[in-house]
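I have placed the structure first, in the form of C-alpha cells, so that the comments after it can refer back to it.
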Amino acid sequence: MTASIASRARILTGDTPTGRLHLGHWVGSLENRVRLQDQYDCYFLIANMHAYTTRAEKAVDVRRDTLEIAKDWLSVGIDPERSTLVLQTEIPAIAELSWYFAMLLPFNRVMRNPTLKAEIEAKDLGDHYSFGFPLYAVGQCADILAFRAELVPVGEDQKAHIEMCREVARSFNRIYSGVDPTTKDDDAVANGGVFPIPSALLGRISRLIGTDGKHKMSKSLDNAIFLSDDTATILKKTKKVVTGRQSATDPGVIENNALFQYARAFMTDTARYAELETLYTAGQIGDGDVKKEVAGAIDTFLAPIRERRAGFEGTQGDARILEILREHTSRANAVAEETLRMAKAAMKLDYGARTISF
Ligand code: ATP
Ligand code: MG
C-alpha cells in the first residue's frame, strides 16, 4: 500500500447479500462511493455474516448474492484498483469487536433503534426474529470502527445505526482511552482515542421509494428495480409503480410520488422533467405516459452498467470475483487486526500478539 493511500481518511460502508443491488442503493450510497474513491481510502464491505440474521436457512442464496453484490459494485464503477472489497465473515476482528461493543450499549437502547423497528415491521418479522437479528446493529458499529472510518456513505434508513456507532466510539474512547467527555468529536483521536467518531454521508436521494409507492425500495420487499434488470423487466416494473392517483385528469401530486422521484433521479433532460411536472399537476397527462418516459430514462442509465456486468458472468466471472475478494480481504485484515490490537491494548487485554493469514 502506498503512503498516500495510508494517509487518506477512510470510508467504510457496505451492503447485505440479501439480494441484488437496486436503484435505491445507487442514489443512497453507491453514487457517493464511486465519486469518493480517489479522495478517501475506501473499504466496501459485503455483510455476509449479517445476511444470516434473516437468512440462516439460505446459505446457498447468501453465497450467490455475495458474488452478485460484488459484480454489481464493479459494474457501477467501484474500482478494485482503488478501493478495497471486504468479506465480513473473513475479518475475525469484526466479530470480536462486536462482543466488546455489545457491552457498551444498553440492551433497551438497541431494541428502541427506529431502523430495527421499521425493519421488523416491513419484513414482517413479528416477534419471531432471531436473537442475532438486533445484534447486527451492534455488529455494524464494529464494521465501521474496525477500519477506524471517518465517513460512512449510507441511505437515510442507516442514520440511526450510525448514531449508535458514534455513541459506541465515544464511550470506548472515554472508558478505555481516558478521552475527556467534553472533547469535540473531531478531536477524539488527537486526544488519545482509538476511534474517530464517524459521520454519515447521505446520498442525493436518501430514501428512494419502492415500486409499491410506500416502503423504501428494498432488496427483501419485492418492490425494487435492480441494477441488473433488463429493458423489459424495467418497463414491466415501472408500469406497476403505485402512485395512488385515481384518474389521468386528476391534478397529480408530485410529493412522495415514487414515479416522480425516479424521474428526478434518472431523467437527464431537466427541461422535459419540469414539463412533465407541469402537465401532471395540471391533470393533462396520465401516469402511463410518465411511466414510459421514466422506464426509458432508467434503462438508459442502466444500459452501460448491464454491459459491464456481462463481463463477469459465468464461472470465469465468479472465479475473478472470488480472487478479488480474497486478495482484498487479506489486506483489509491487516487494518482490522491493527485496530483490534489498539482496542485490546486500551482494554488491558494485550496478552500477546497474533497474526492471521487469509
Ligand atoms: P434489505 O432489504 O436486506 O434490508 P436493503 O435494500 O435495505 O436490503 P441494505 O443492504 O440494507 O439494502 O442497505 C445498503 C445501503 O443502501 C445502506 O446504506 C442503505 O441505507 C442504502 N439503501 C438501501 N435502500 C435504499 C433506498 N431505498 N434509498 C436510499 N438508500 C438505500
Ligand atoms: Mg436494509
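The values are calculated or read from the model by the stated rules, or taken from the named source; none is laboratory data. The structure presented is a predicted model; accordingly, all values stated were derived computationally and were not measured. Positions of Cβ are generated from backbone atoms using ideal geometry, with glycine treated the same way; all protein chains shown enter the neighbour counts.
Taking segment 97-133 only, how many residues are of a type outside the set (A, V, I, L, M), part of a helix (DSSP H, G or I) and either buried (at least 18 other Cβ atoms within 10 Å of the Cβ) or outside the structural domain of residue 326 (by TED's automatic domain parsing) (or both)? Result for segment 97-133: 6. Evaluating residue 157 against the criteria (1) in contact with a strand residue (DSSP E or B) (Cβ under 8 Å, 6 or more places away or on another chain); (2) outside the structural domain of residue 340 (by TED's automatic domain parsing); (3) modelled with pLDDT under 95 leaves one unmet condition, (2). Just one of the listed residues (38, 65, 15) is within 17 Å of residue 136 (Cα to Cα), of a type in the set (D, E, K, R) and either more than 14 Å from ligand 1 (Cβ to nearest atom) or buried (at least 22 other Cβ atoms within 10 Å of the Cβ) (or both), and it is 15. Of the residues making up segment 173-225, just one is touching a helix residue (DSSP H, G or I) at 6+ places or on another chain (Cβ under 6 Å) and free of Cβ contacts under 8 Å to residues at least 12 places away in the same chain, namely 181.
Selection over segment 167-221 of residues that are among the basic types (Lys, Arg) and within 16 Å of ligand 1 (Cβ to nearest atom) gives a count of 5. Is there a residue in segment 77-84 that is buried (at least 19 other Cβ atoms within 10 Å of the Cβ), on the phi < 0 side of the Ramachandran plot, within 14 Å of ligand 2 (Cβ to nearest atom) and of a type outside the set (Val, Ile, Thr)? Within segment 77-84 (the criterion being buried (at least 19 other Cβ atoms within 10 Å of the Cβ), on the phi < 0 side of the Ramachandran plot, within 14 Å of ligand 2 (Cβ to nearest atom) and of a type outside the set (Val, Ile, Thr)), the answer is no, since none of the residues qualifies. Would you say residue 7 is without any contact (Cβ under 8 Å) to a residue 60 or more places away in the chain and within 16 Å of ligand 1 (Cβ to nearest atom)? No. Tallying residues that are of a type outside the set (A, V, I, L, M, F, W, C), part of a helix (DSSP H, G or I) and more than 17 Å from residue 68 (Cβ to Cβ) within segment 34-52 yields 1. Remark: pairs (first residue in segment 112-127, over 18 Å from residue 156 (Cβ atoms); second residue away from ligand 1 (no atom under 11 Å from the Cβ); Cβ separation under 9 Å; 6+ apart in sequence or on different chains) = 125/133; 126/120; 127/120.
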